[in-house]
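Here is the structure we will look at.
The values are calculated or read from the model by the stated rules, or taken from the named source; none is laboratory data. All values reported here derive from a predicted model rather than from experimental measurement. In this analysis, Cβ positions are derived from the backbone assuming ideal geometry, glycine residues included, and neighbour counts consider all displayed protein chains. When the accessible area is computed, the model is the full protein with side chains, heavy atoms only, and any ligands, DNA or RNA have been set aside. Shrake-Rupley method; radii C 1.70, N 1.55, O 1.52, S 1.80 Å.
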Amino acid sequence: MKKITPQDAARFGVRTKLVHAGRDPSEQHGFVNTPIYRGSTVLYPSYDAIKHRRNRYTYGTKGTPTTEALETAWTQLANAAGTIVTSSGLAAITVALLSCLKAGDHLLVADSAYLPTRTLCNGLLKRFGVETTFYDPSVGSDIAALMRPNTAAVLTEAPGSQSFEMQDIPAIAEVARRHDAMVVMDNTWATPLFFPPHDMGVDLAIEAGTKYLSGGSDLLLGMVSASAKAWPRLRATYDEMAVCPGPEDVFLALRGLRTMALRLKEHERQALDLAAWLRERPEVKQVLHPALPGAPGHDLWKRDFKGSSGLFSIILHPASEAAVAAMLDDLQLFGMGYSWGGFESLVIPFDCASYRTATRWAPGGPALRIQVGLEDLDDLKADLDAGFARLRAAG
Ligand SMILES: *Cc1c(COP(=O)(O)O)cnc(C)c1O
């Protein structure tokens, strides 16, 4: 086989990148996959080599051929300047924010952001002298009014965790650039397959690899890809913190990466079918799925996104807590639990009302977040159908 050069790789389509990026069998005795390198100590061949740290790999926390394979693949996929791999999605968010903030800085965060992101801002970041303002995710270019001389970063997430508000990322990025603030985006839902973050003005893009990279609910991992502007400080901050994942998890992530396009396509198809079916149900007040025509945020999704994944929410018509519990408790295929992106369907009840500060969460009925897995759609619909019957019976 002729070697693939970085120039060749840049020309490849997304699916070819997913299959080939970060792999060089000629360096692994012909084996297709880069194996799991387990190691802390790396031996240097000479006094001169260790004095000047001339080894390609210097120490376990700084990277191994296994972690480098994933970093390289993700960098190509996201069209980034570089990528770091962390031990969880939340660790990725933490490293990304710490890389562009210092004491005395101001941070803008979408009110719809992943709840642990919010907790990080109100806890650790506050303690270290960073002030956070939460903003209405629909703000668009009006974010200019919220910028202060010390605003160092704007965190976006589209669509929002649980509540699925879309954001005008290019408009926000344009304002942030003028103010020399970094744009951070949690891109876990769309992945670079459906939203190429750095082509849209994002400096630091977060991916919880725990979700679609794994595809199996068996892995905790995070990644941050960076623009050329954000990369040097991201890499330096990561090296200072050393929140590296274990090598088995990186290997599982690489394994998942190779088939991610196929799985996402199927999650997309199944979720859109189920969302359209739910919209017709008399028990459902509203479906929050930006790729569904007529749903909130659809226009922005259509303008900026190339696809959608398998996670969305629904708002039920008013019902008692006991009725919702009766519906959920006896579901057989939809498990109740956090996280998503695996092969199996999930549902969780949620309520953002108690912690929102820039927007009011009052959807007018109980809210459920649904992750659509790879089961037969007819079976999933029958499971929900029986659940709706219990909901109605309990009043
Ligand atoms: C799950 C999730 C994360 C965090 O990932 P963990 O690996 O569970 O820490 C971050 N952002 C979003 C949007 C998520 O859904």
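Overall, segment 248-288 carries a charge dipole of about 120 debye about its Cα centre when +1 sits on the Cβ of Lys and Arg and -1 on the Cβ of Asp and Glu, all other atoms neutral. Under 5 Å from the amide H of Tyr37 lie the amide H atoms of Thr66, each residue being 5 or more positions distant or on a separate chain, with H modelled from the backbone and absent for Pro and chain starts. Heavy-atom accessible area with a 1.4 Å probe sorts Ile84, Ile36, largest first, into Ile36, Ile84. Taking Lys102 as the anchor, which aspartates and glutamates have their alpha carbon closer than 13 Å to its alpha carbon, excluding any fewer than eight residues away along the same chain? Lys102 reaches Glu131. Dipole of segment 210-277 computed with +1 at Lys/Arg Cβ and -1 at Asp/Glu Cβ about the Cα centre; of Met241, Gly215, Ser225, farthest Cα towards the positive end is Ser225.
With Cα atoms as the point set, the radius of gyration and Dmax of the chain evaluate to 21.9, 78 Å.
The HN-Hα couplings worked out from phi for segment 113-122 by the Karplus form 6.51 cos²θ - 1.76 cosθ + 1.60 (θ = phi - 60°) are 5, 3, 4, x, 5, 4, 4, 4, 5, 7 Hz, whole numbers, x standing for Gly and Pro. Ranked by the mean number of other Cβ atoms within 10 Å of their residues, highest first, the peptides 198-209, 120-131 come out as 198-209, 120-131. Residues in segment 13-172 average 45 Å² of solvent-accessible surface per residue, probe 1.4 Å, ligands and nucleic acids excluded. In the elastic network of the chain, a GNM with C-alpha springs shorter than 10 Å, the most mobile of Ser313, Ser345, Ser46 is Ser46. Taking only protein heavy atoms and a 1.4 Å probe, the accessible area of the chain is 55% carbon and sulfur. Candidates Asn79, Tyr44, Ser161 compared by Cα position along the dipole of the chain: farthest toward the positive end lies Tyr44, with charges placed on Cβ. Can you list the aspartates and glutamates whose alpha carbon sits under 14 Å from that of Lys17, skipping same-chain ones fewer than 8 residues off? Output for Lys17: Asp8, Glu71. When the chain is treated as a GNM with alpha-carbon contacts under 10 Å, the residue of Arg258, Arg281, Arg118 showing the greatest mean-square fluctuation is Arg281. The mean sequence separation of alpha-carbon pairs under 8 Å and at least six residues apart, normalised by the residue count of the chain, gives a relative contact order of 16 percent. Listed values for segment 303-308 are Karplus-derived 3J(HN,Hα) couplings in whole Hz (6.51 cos²θ - 1.76 cosθ + 1.60, θ = phi - 60°), namely 6, 10, 10, 9, x, 9, and x replaces Gly and Pro.
Across segment 274-283, rounded Karplus estimates of 3J(HN,Hα) from the backbone phi angles (6.51 cos²θ - 1.76 cosθ + 1.60, θ = phi - 60°) give 5, 4, 5, 5, 5, 4, 7, 6, x, 7 Hz, Gly and Pro being marked x. Computed with a 1.4 Å probe over protein heavy atoms only, the accessible surface of segment 260-394 comes to 45 Å² per residue. Along the charge dipole of segment 81-228, pointing to its positive end and built from +1/-1 on Cβ of Lys, Arg, Asp and Glu, which listed residue (Phe195, Ser138, Ser88) has its Cα farthest out? Working it through, the farthest residue towards the positive pole turns out to be Ser88.
A cut-off of 5 Å between modelled amide H atoms, ignoring neighbours fewer than 5 places along the same chain, links Val109 with Thr133, Phe134, Tyr135, Leu155.
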